[in-house]
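We did not get these values from a lab; they are worked out from the coordinates using the rules stated. Note that the structure is predicted; figures quoted are calculated from it, not measured. We place every Cβ from the backbone using ideal geometry, glycine too, and count neighbours over all the protein chains shown.
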Amino acid sequence: MSDQPRDPGSLPRHRPEHVPPPPAGLPRQRRGTAPQGRSRYPDYDVLEQARHWDPATRRVVLARVEDVPRLRFFDPGEAQTLQCFCDIVTAQDGEPRIPVLAMVDAKLHEGRLDGFQHADLPDDRETWRLAARGLDERARALGADGFAAAGPDLRLQVVEEFHAGELHDGVWADLPAEKAFGVLMRAILQVFYSHPWAWNEIGFGGPSYPRGYARLGIGLRESWEGEEDFDLDPVRDVQERGADL
């Protein structure tokens, strides 16, 4: 693999402005909070339904918003690198952001692992630490002071190489990059979509106990569920705009 940065124009899935804008007409969130303040359900706030949840569920869900854990597992350097990585892969380019890294950090600090791992990868906690080191190593090989200090195009290049399993030097000589990428993304997606702000973004109705759901037919929704206010196929849209990673 060449250590020369690719021409930004060779990143076909990204606009020259580094960050693809939201699709035209995507509404700003008017009630509650959604990542970056926009969603298809701008007048929906799942937290308004919290009084209908059982007390244990309500405590757990509200804590995800009101009690963001401090970092205890990652050191400051690792946290800086991995925060940039989490922002890129979740497309969180502005506030408000779901605190993905803080939630992952808490899970790793408390040892709440998934109970399985790849035979040729270490414990998930070590995989995260090694990946942070490997991202910095690759960015330095491309001329930056580290992954977090690199420019947007170079960071995107490194993430794409990580995703494709094209990293082989340094840390990556003993850490299969493609599998490690899957380990990180599994944790990231778990915590991202456990957060109420993500539920607002996708119109998820939240916990159903004890109230439950009654309108189960295709296309039906409960009176308290969010109503979509933006009719655009997201898969086709990102492909047409060149915004898919």
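Ranked by the mean number of other Cβ atoms within 10 Å of their residues, highest first, the peptides 136-149, 63-76 come out as 136-149, 63-76. Counting only alpha carbon atoms, the long axis of helix 124-141 and the longest principal axis of the chain meet at about 50°. Farthest towards the positive end of the charge dipole of the range 54-182, among the residues Thr57, Leu156, Ala131, is the Cα of Thr57, using unit charges on the Cβ of Lys, Arg, Asp and Glu.
Apply the a/c threshold of 1.5 to the C-alpha gyration tensor of the range 26-76 and tell me whether it is rounded, prolate or oblate. The shape class here is oblate. Highest GNM mean-square fluctuation among Pro27, Pro176, Pro234, for the chain modelled with Cα contacts below 10 Å: Pro234.
Projecting the Cα positions of Phe192, Tyr209, Gly170 onto the charge dipole of the range 169-236 (unit charges on Cβ atoms of Lys, Arg, Asp and Glu, taken about the Cα centre) puts Tyr209 furthest along the positive direction. Rounded to the nearest 0.05, what FRET efficiency do His52 and Ala164 give with R0 = 51 Å and r taken as the Cβ-Cβ distance? Could you check? Between His52 and Ala164 the formula returns 0.70. Structural descriptor for the range 126-245: relative contact order 16 percent, calculated from alpha carbon pairs under 8 angstrom and at least 6 residues apart.
Compute, for the range 97-184, the length of the dipole vector about the Cα centre, with Cβ point charges of +1 (Lys, Arg) and -1 (Asp, Glu) only. Units Debye, rounded to 20. It would help to have the intermediate numbers written out before the result.
Numbers: 10 positive and 17 negative charges, 66 e Å.
The calculation lands at about 320 debye.
Here's the picture: charge each Lys and Arg Cβ at +1 and each Asp and Glu Cβ at -1 in the chain, and of Ala141, Thr81, Gly25 the one pushed furthest to the positive end of that dipole is Gly25. Dipole check for the chain: with +1 at the C-beta of Lys and Arg, -1 at the C-beta of Asp and Glu, and the Cα centre as origin, the magnitude is about 800 Debye.
The label point for Ala149 and the one for Ser194, both projected 7 Å from the Cα toward the Cβ, are 3.4 nm apart.
Using only the alpha-carbon atoms, how far is helix 100-109 inclined from the longest principal axis of the chain? Give it as 0 to 90 degrees, nearest 10. It is inclined by approximately 80 degrees.
Only Cα pairs under 8 Å and 6+ residues apart enter the sum, and on that basis the relative contact order of the chain stands at 32 percent.
If R0 is 30 Å, what FRET efficiency do you get for Glu240 and Glu95 from their C-beta distance, rounded to 0.05? The calculated FRET efficiency here is 0.65.
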